[in-house]
Ligand code: OGA
Ligand code: MN
């Protein structure tokens, strides 16, 4: 069986109605205090180069230390505080009239990041914008923008096998997840399982690790987490193909 060619047959990803209306254009690289750009041109880091190579070769990949330890700590604290203050909402599945709350399918709590309030959030969006530019250069992907959310899986939560390509729209091109966990081990569960044509590839949600994959090629799932599991997850989007939607 070639899952790549299948239409999403189970649940679709998080619903667009939850997404902020406007596109998220992180501040221009070069204008950041992160020190990650040189003379206004985005830095092509070894991590970025490795991710691009992996995506070109097999449609998915991951790199460690996508953000530095300080930024990782700030983002983890932000995700925890969003959870503690009740700012996260139970994630929903489906789109439009089909959108619904289905905790048996998807047990995470999310908060979309539309307007960054914290320096850490801005720095993350800047890093993701640099990656967008790198992917467009390296893979000619035509990625236009990015939408993402913090995600918090309480102990016991999972996300059943699904495709991120929402029914009726083809704009999601590349899915990414940056994990914010501390000291994660296989015993903690919560692995991302990517279903390949033959077999699967599991990715441990280690803090600082960024996984990326082509949204239309891989069904995937989050195996039940045995402790709280945090991430920042999102999608690089491209313009709808004419006549397709
Ligand atoms: C998603 C998703 C994967 C992960 O949010 O659509 O599949 O590892 N997340 O968190
Ligand atoms: Mn997904």
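List of remarks:
- Summed over the range 79-118, residues that are away from ligand 2 (no atom under 16 Å from the Cβ), within 28 Å of residue 51 (Cα to Cα) and touching a strand residue (DSSP E or B) at 6+ places or on another chain (Cβ under 7 Å) total 4.
- One residue alone among 170, 119 is away from ligand 1 (no atom under 16 Å from the Cβ), surrounded by fewer than 17 Cβ atoms within 10 Å (Cβ to Cβ) and farther than 22 Å from residue 95 by Cα, and that residue is 119.
- The range 82-100 residues that are within 14 Å of residue 153 (Cβ to Cβ), paired with ones that are assigned to a loop (DSSP other than H, G, I, E, B) and at pLDDT 85 or above (beta carbon under 6 Å, 6 or more apart): 82/88; 91/108
- Of the residues making up the range 198-212, at least one is within 16 Å of ligand 2 (Cβ to nearest atom) and over 18 Å from residue 58 (Cβ atoms).
- Each residue in the range 174-183 was checked for being more than 10 Å from ligand 1 (Cβ to nearest atom) and either at pLDDT below 95 or closer than 19 Å to residue 107 by Cα (or both), and 2 pass.
- Selection from the range 140-154 of residues that are within 15 Å of ligand 1 (Cβ to nearest atom) and either surrounded by fewer than 14 Cβ atoms within 10 Å (Cβ to Cβ) or more than 17 Å from residue 178 (Cβ to Cβ) (or both): 154
- Within the range 192-222, tally of residues that are part of a loop (DSSP other than H, G, I, E, B) and under 17 Å from residue 164 (Cβ atoms): 7
- Filtering 239, 226 for residues that are over 15 Å from the mean Cα position of the chain (by Cα), more than 10 Å from ligand 1 (Cβ to nearest atom), under 22 Å from residue 113 (Cα atoms) and surrounded by fewer than 16 Cβ atoms within 10 Å (Cβ to Cβ) leaves a single hit, 239.
- Subset of the range 85-121 (residues that are under 16 Å from the mean Cα position of the chain (by Cα) and under 15 Å from residue 232 (Cα atoms)): 91, 108, 109, 110, 111, 112, 113, 114, 121
- Qualifying residue in the range 203-210 (condition: surrounded by fewer than 22 Cβ atoms within 10 Å (Cβ to Cβ), more than 22 Å from residue 128 (Cα to Cα) and within 12 Å of ligand 1 (Cβ to nearest atom)): no
- Scan of the range 149-173 for residues that are under 27 Å from residue 240 (Cβ atoms) and either away from ligand 2 (no atom under 12 Å from the Cβ) or free of Cβ contacts under 8 Å to residues at least 24 places away in the same chain (or both), ordered by number: 150, 167, 168, 169, 170, 171, 173
The values are calculated or read from the model by the stated rules, or taken from the named source; none is laboratory data. This one's a predicted model, so the numbers in the text were calculated from it and none came from an experiment. Positions of Cβ are backbone-derived with ideal geometry, glycine not excepted, and every protein chain shown enters the neighbour counts.
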